[in-house]
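Visitor: I am attaching a structure below and will ask some questions about it afterwards.
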Amino acid sequence: MRADATFTVTSFVPTELKPDPPVATGLPVGVARLEKHFEGEATGRSATLFTAAFDQTTGVGTYVAMESFEGTLQGREGAFNFVHSATTSGSDRTTEFFTIVPSSGTADLAGISGAGGMAVDADGTHRIWFDYQLR
């Protein structure tokens with residue numbers, strides 16, 4: 001099954017968490033907490049732990065994010081985790097990874113598994129899709 005939605009980031013809070021011991025690299029590593037709100041065939045919110053090695057001036061870097069989603073997926077209510085990452089050279093997304101964490105589903109979403117993806121439209125709309133199965 002496939003569920004398509006849009007989302008907005010409603011909160012982006014950088015944390016003080018840094019690599020320890022410190023290691024000097026060409027890009028700084030940071031961690032932030034995000035909250036997102038979803039509309040469409042996925043409705044609800046997610047809490048996200050976001051880690052990145054990123055240059056804000058050039059837009060070059062890579063991120064890894066773990067999200068905990070709660071809400072409905074095509075009318076099925078529950079919660080689950082998903083993880084995604086991508087690399088950007090400043091104007092593209094490459095080396096993308098997206099998976100639903102096995103055994104993380106609750107309620108109507110218990111047994112969920114699968115993959116998905118994300119895209120940002122030219123107008124700034126953030127899109128997400130879940131290609132999923134339920135046991």
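The values are calculated or read from the model by the stated rules, or taken from the named source; none is laboratory data. Here the structure is a predicted model, which is why all the values come from computation and not from measurement. When we count neighbours, we look across all protein chains shown, and the Cβ atoms used for this are built from the backbone with ideal geometry, even at glycine. Remember, those area values only see protein heavy atoms, side chains included, never the ligands or the DNA or RNA. Shrake-Rupley method; radii C 1.70, N 1.55, O 1.52, S 1.80 Å.
For every residue, the table says whether it meets (1) open to solvent by less than 20 Å² (accessible area, probe 1.4 Å); (2) in contact with a Ser or Thr (Cβ under 9 Å, 6 or more places away or on another chain).
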| site | (1), (2) |
| --- | --- |
| H84 | yes, yes |
| T87 | no, yes |
| T95 | no, yes |
| G117 | yes, no |
| I128 | yes, yes |
| D131 | no, no |
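Visitor: Hey, another quick one. Could you check how many residues of segment 97-122 are out of contact with any Asp or Glu (no Cβ under 6 Å at 6 or more places or on another chain) and modelled with pLDDT of 95 or more?
Guide: Qualifying residue count, segment 97-122: 17.
Visitor: Run I112 past the list (1) surrounded by fewer than 16 Cβ atoms within 10 Å (Cβ to Cβ); (2) β-branched (V, I, T); (3) free of Cβ contacts under 8 Å to residues at least 60 places away in the same chain and report the number of the one that doesn't hold.
Guide: (1)
Visitor: Could you tell me whether segment 79-87 includes any residue that is of a type in the set (F, W, Y) and either touching a Cys at 6+ places or on another chain (Cβ under 9 Å) or under 17 Å from R45 (Cβ atoms) (or both)?
Guide: Here is the first cut: in segment 79-87, the residues of a type in the set (F, W, Y) are 80, 82.
Adding the requirement that they be either touching a Cys at 6+ places or on another chain (Cβ under 9 Å) or under 17 Å from R45 (Cβ atoms) (or both) leaves 80, 82.
Yes, segment 79-87 contains a residue that is of a type in the set (F, W, Y) and either touching a Cys at 6+ places or on another chain (Cβ under 9 Å) or under 17 Å from R45 (Cβ atoms) (or both).
Visitor: How many residues does segment 97-109 hold that are hydrophobic (A, V, I, L, M, F, W, C) and open to solvent by 30 Å² or more (accessible area, probe 1.4 Å)?
Guide: Qualifying residue count, segment 97-109: 3.
Visitor: Just to be sure before I move on: is Q56 more than 16 Å from the chain's Cα centre (by Cα) and touching a residue at least 60 places away in the same chain (Cβ under 8 Å) in the structure I sent?
Guide: So Q56 fails the test.
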